[in-house]
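**Q** Below is the structure I would like to discuss, written out as structure tokens.
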Amino acid sequence: MQKNCESGMLAKFNYWIAFLAGCLIVGMVIGISYDVGARYLFNSPTKWIYEFSEYCLLAVVYLSGAWTLSENGHVRVDVLYSHYSIKKQAAVEVFLCVLGIVFTIIFTWQGIMFVWDGIVTGSRSETYLEVLQWPIRLIMTVGTGLLCIAFMARLKSFSSKYKNLRDLEN
């Protein structure tokens, strides 16, 4: 399989977004550790850590997706796939990239509408922090947009690989 199908600039951008997601994990660990210490040592738990952790986890999932795809890091069950010829594997990858692009375009489009709705209505969470919802929705939308771009880069790579393999057979 091919690794790092993206152009250099896009790969670096996705790397730094994934690095930011990793920093959010560190922030979650520090926050949760603080809450555990405050709860058990001082009998004074925080009220904000649960919601903070939820938002961080959501951001981690969405912001690291494109980088994970470019590194072939997504979970794959390859019981049949590993028995396919290289040409057939490339054809399967092309098909999966097209499906991924369709899904992420729809999700990104709906996400944009969801963000806009949050901006217009000024909706907030119904929890202790009362966080504005549109920035959280924006993270989801940006993440799926980046994933769509990563699928497009992957499609370009596997399409040319499939074409080259097909041309070699003829």
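**Q** With axes computed from alpha carbons, what is the tilt in degrees of helix 8-42 against the longest principal axis of the chain, rounded to the nearest 10 within 0 to 90?
**A** The two axes meet at around 30 degrees.
**Q** Another question, then. State the label only: which of (1) 1.31; (2) 1.22; (3) 1.62 corresponds to Cα Rg over 2.2 N^0.38 Å computed from the shown model?
**A** The listed entry that was calculated here is (1).
**Q** Another question, if that's okay. On C-alpha positions alone, give me the angle between the axis of helix 86-121 and the longest principal axis of the chain, in degrees, nearest 10.
**A** Result, in degrees: 30.
**Q** Over region 1-133, with every protein chain in place, what whole percent of the accessible area is carbon and sulfur at 1.4 Å, could you tell me? Don't skip to the end; give the middle numbers.
**A** On the way: 6260 of 8970 Å².
C and S fraction of accessible area: 70 percent.
**Q** Right, here's the next one. By its C-alpha gyration tensor, with a ≥ b ≥ c as the square roots of the eigenvalues, how is region 87-133 shaped: rounded for a/c under 1.5, else prolate for a/b larger than b/c, else oblate? Before the final figure, lay out the partial values.
**A** Numbers: a/c = 8.52, a/b = 3.16, b/c = 2.70.
Prolate, since a/c reaches 1.5 and a/b exceeds b/c.
**Q** Give the longest segment of the chain that steers clear of trypsin sites (Lys or Arg not before Pro) in DSSP loops with at most 14 neighbouring Cβ atoms within 10 Å, not counting the sites themselves.
**A** Of all site-free stretches, the longest is 77-170.
**Q** Quick check on the chain: helices-only [θ] at 222 nm, where DSSP H runs of length 4 and up contribute -39,500 (n - 2.57) each and the sum goes over total residues. Nearest 500, please.
**A** Numbers: 4 runs with 129 residues, N = 170.
Taken over the chain, the calculation gives -27500 deg cm²/dmol.
**Q** For the chain, modelled as a Gaussian network with Cα springs under 10 Å, which listed residue fluctuates most, Val102, Val26, Val120?
**A** Result: Val120 has the largest fluctuation of those listed.
**Q** Between Met113 and Trp48, what length comes free when the chain is fully extended (0.36 nm per residue of separation minus the Cα-Cα distance, one decimal in nm)? Present the calculation step by step, with values, prior to reporting the outcome.
**A** Details: separation 65, 0.36 × 65 = 23.40 nm, distance 2.82 nm.
Gain on stretching Met113 to Trp48: 20.6 nm.
**Q** Cα gyration tensor of region 5-48, axes a ≥ b ≥ c as square roots of the eigenvalues: rounded (a/c below 1.5), prolate (a/b > b/c) or oblate?
**A** Prolate shape, in that a/c is at least 1.5 and a/b is the bigger ratio.
The values are calculated or read from the model by the stated rules, or taken from the named source; none is laboratory data. Remember, predicted model here, so these are calculated numbers, not experimental data. Cβ coordinates were reconstructed from backbone atoms using ideal geometry, including for glycine residues, and neighbour counts include every protein chain displayed. Note: accessible area is taken over every heavy atom of the protein model, side chains too, but ligands, DNA and RNA are not part of it. Shrake-Rupley method; radii C 1.70, N 1.55, O 1.52, S 1.80 Å.
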